[in-house]
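Visitor: Have a look at the structure that comes next, please.
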Amino acid sequence: MRRHILKSIFGAYAALLSASTFSAPARRLVDSRLLGTWRSDKERTVALWKYQKELSSEARERFENIFGKFTLRFTETHIYTELDDTKDKVPYSVVARDKSSVVIAWHEEKERSLQHIHFEGDGYYILSGYNVEFYKRISG
């Protein structure tokens with residue numbers, strides 16, 4: 001009986017403690033290294049890209065022409081993307097960060113996805129399968 005009462009008391013205390021902890025407004029993480037406008041770096045990306053299968057020269061050129069066009073602008077709360085005539089605005093949050101990288105969560109309508117961004121000089125890169133896509137800062 002005594003054990004049951006103690007479990008109830010500790011359970012209620014733990015519930016109160018966790019409720020007060022989680023109901024407090026969370027402080028939003030911001031990584032100032034992200035803020036600004038970035039563009040895909042075609043030259044660096046294509047130089048290191050490894051193809052899984054051989055492509056015709058026409059197919060390879062079409063694929064490689066995708067790079068160098070994609071632009072992202074990070075604010076403290078949103079990512080504004082642009083590729084050709086397609087523009088989008090997606091909320092994001094910083095999940096974790098360290099000396100050389102940051103993990104962000106893209107909060108898209110249908111799903112949330114995580115992305116690990118590695119900073120290098122005045123640019124950054126992301127892993128894409130066995131490949132790396134580089135970005136360079138164009139303002140910020």
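Visitor: For Thr71, which of the numbered conditions (1) modelled with pLDDT of 95 or more; (2) within 25 Å of Arg27 (Cβ to Cβ) fails to hold?
Guide: With respect to (1) modelled with pLDDT of 95 or more; (2) within 25 Å of Arg27 (Cβ to Cβ), Thr71 is out only on (2).
Visitor: Right, next: Of all the residues that make up segment 36-65, how many are surrounded by 14 or more Cβ atoms within 10 Å (Cβ to Cβ) and assigned to a loop (DSSP other than H, G, I, E, B)?
Guide: Residues meeting the conditions: 2.
Visitor: Could you tell me whether segment 22-29 includes any residue that is surrounded by 10 or more Cβ atoms within 10 Å (Cβ to Cβ), more than 18 Å from Asn131 (Cα to Cα) and modelled with pLDDT of 50 or more?
Guide: Yes, there is a match, as at least one residue in segment 22-29 is surrounded by 10 or more Cβ atoms within 10 Å (Cβ to Cβ), more than 18 Å from Asn131 (Cα to Cα) and modelled with pLDDT of 50 or more.
Visitor: Of all residues in segment 87-109 being part of a strand (DSSP E or B) and of a type in the set (D, E, K, R), which is farthest from Ser32 (Cα to Cα)?
Guide: For segment 87-109, the residue satisfying everything is Lys87.
The values are calculated or read from the model by the stated rules, or taken from the named source; none is laboratory data. Here the structure is a predicted model, which means the values were calculated and not measured. Backbone-built Cβ (ideal geometry, glycine too); neighbour counts: all protein chains shown.
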